[in-house]
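A.B. asks: Below are the structure tokens for one structure; questions will follow.
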Amino acid sequence: MRYLHTMVRVTDLDASLDFYCNKLGLKEVRRIDNQMGRFTLVFLSAPEDVERAAKDQAPLVELTHNWDPEDYKGGRNFGHLAYRVDDIYEVCDRLMKGGVTINRPPRDGHMAFVRSPDGISIELLQEGAPKPPTEPWASMPNIGAW
């Protein structure tokens, strides 16, 4: 058995791609527009997994955008997506500058949580040992649910 992908339904494909690609840093590796089924699938990979994703079609996040409007609630009901990052402080700073709320700041230099435009909880984990606690992160409170 091998992990292939996690599918997340999104309501606004452009806003979701801005979040996942431009702000979070994932790379689009494949896209399928299905005219008959009236949906678009966009497969995303972490930057260091692009080669594996091209070869194995995994590990990926699949954004599913149904062209006919639907109301998706409870994006947290499946848990969260998790990504290991080289510098958690740099990633959180970049996300904040991009207008993303850091729901659980990386106070411990190890873990943070943010949410996508559709309310999907995203966990960020520091590669290797935790970074030393640093301001402004060490003093930041949690905001909302994560």
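A.B. asks: Just one of 10, 42 is surrounded by 13 or more Cβ atoms within 10 Å (Cβ to Cβ), without any contact (Cβ under 8 Å) to a residue 60 or more places away in the chain and in contact with a helix residue (DSSP H, G or I) (Cβ under 8 Å, 6 or more places away or on another chain); which is it? First the steps, then the outcome.
C.D. replies: Working: 10 fails: without any contact (Cβ under 8 Å) to a residue 60 or more places away in the chain.
From the options 10, 42, the qualifying one is 42.
A.B. asks: Within the range 130-145, is even one residue touching a residue at least 60 places away in the same chain (Cβ under 8 Å), under 18 Å from residue 15 (Cα atoms), touching a Lys or Arg at 6+ places or on another chain (Cβ under 8 Å) and outside the structural domain of residue 20 (by TED's automatic domain parsing)? Lay out the reasoning, then the answer.
C.D. replies: First, the residues of the range 130-145 that are touching a residue at least 60 places away in the same chain (Cβ under 8 Å): 145.
Pick out the ones that are also under 18 Å from residue 15 (Cα atoms) and you get none.
So far as the range 130-145 goes, no, none of its residues is touching a residue at least 60 places away in the same chain (Cβ under 8 Å), under 18 Å from residue 15 (Cα atoms), touching a Lys or Arg at 6+ places or on another chain (Cβ under 8 Å) and outside the structural domain of residue 20 (by TED's automatic domain parsing).
A.B. asks: Within the range 103-123, restricting attention to residues that are assigned to a loop (DSSP other than H, G, I, E, B) and touching a residue at least 40 places away in the same chain (Cβ under 8 Å), which residue is surrounded by the fewest Cβ atoms within 10 Å (Cβ to Cβ)?
C.D. replies: 119
A.B. asks: Something else: Scan 118, 87, 49 and give me the residue that is within 27 Å of residue 33 (Cβ to Cβ), more than 12 Å from the chain's Cα centre (by Cα) and among the acidic types (Asp, Glu). Please lay out each step first, then the result.
C.D. replies: Details: 118 fails: more than 12 Å from the chain's Cα centre (by Cα); 87 fails: within 27 Å of residue 33 (Cβ to Cβ).
Just a single option satisfies the conditions, and that option is 49.
A.B. asks: Further question on the same structure: Could you list, in sequence order, all residues of the range 124-146 that are exposed (fewer than 13 other Cβ atoms within 10 Å of the Cβ) and not in a loop (DSSP other than H, G, I, E, B)?
C.D. replies: Selection gives 139 alone.
A.B. asks: How do the strands (runs of 3 or more DSSP E) wholly within the range 1-102 filter down when requiring 3 or more residues that are more than 25 Å from residue 145 (Cα to Cα) and modelled with pLDDT of 95 or more: which remain?
C.D. replies: Working: elements: 5-9, 27-34, 39-45, 60-66, 81-85.
In the range 1-102, 27-34, 39-45 are the strands (runs of 3 or more DSSP E) which contain 3 or more residues that are more than 25 Å from residue 145 (Cα to Cα) and modelled with pLDDT of 95 or more.
A.B. asks: Check residue 88 against each of (1) touching a strand residue (DSSP E or B) at 6+ places or on another chain (Cβ under 6 Å); (2) farther than 17 Å from residue 11 by Cα; (3) touching a residue at least 60 places away in the same chain (Cβ under 8 Å) and name the one condition it does not meet.
C.D. replies: The single condition residue 88 does not satisfy is (3).
A.B. asks: Scan the range 71-82 and tell me whether some residue there is among the hydrophobic types (A, V, I, L, M, F, W, C) and loosely packed, with under 12 Cβ neighbours inside 10 Å. Full working, then the answer.
C.D. replies: Filtering the range 71-82 down to residues among the hydrophobic types (A, V, I, L, M, F, W, C) leaves 78, 81-82.
The next check asks that each one be loosely packed, with under 12 Cβ neighbours inside 10 Å; those that pass are none.
Scanning the range 71-82, I find no residue that is among the hydrophobic types (A, V, I, L, M, F, W, C) and loosely packed, with under 12 Cβ neighbours inside 10 Å, so the answer is no.
A.B. asks: Let me ask you something else. Looking at (1) in the same structural domain as residue 9 (by TED's automatic domain parsing); (2) more than 28 Å from residue 36 (Cβ to Cβ), can you tell me which one residue 107 breaks?
C.D. replies: Condition (1) is where residue 107 drops out.
The values are calculated or read from the model by the stated rules, or taken from the named source; none is laboratory data. In this text, all values refer to a predicted model and were calculated from it rather than measured experimentally. Glycine gets a Cβ as well: all are built from the backbone with ideal geometry, and neighbour counts include every protein chain shown.
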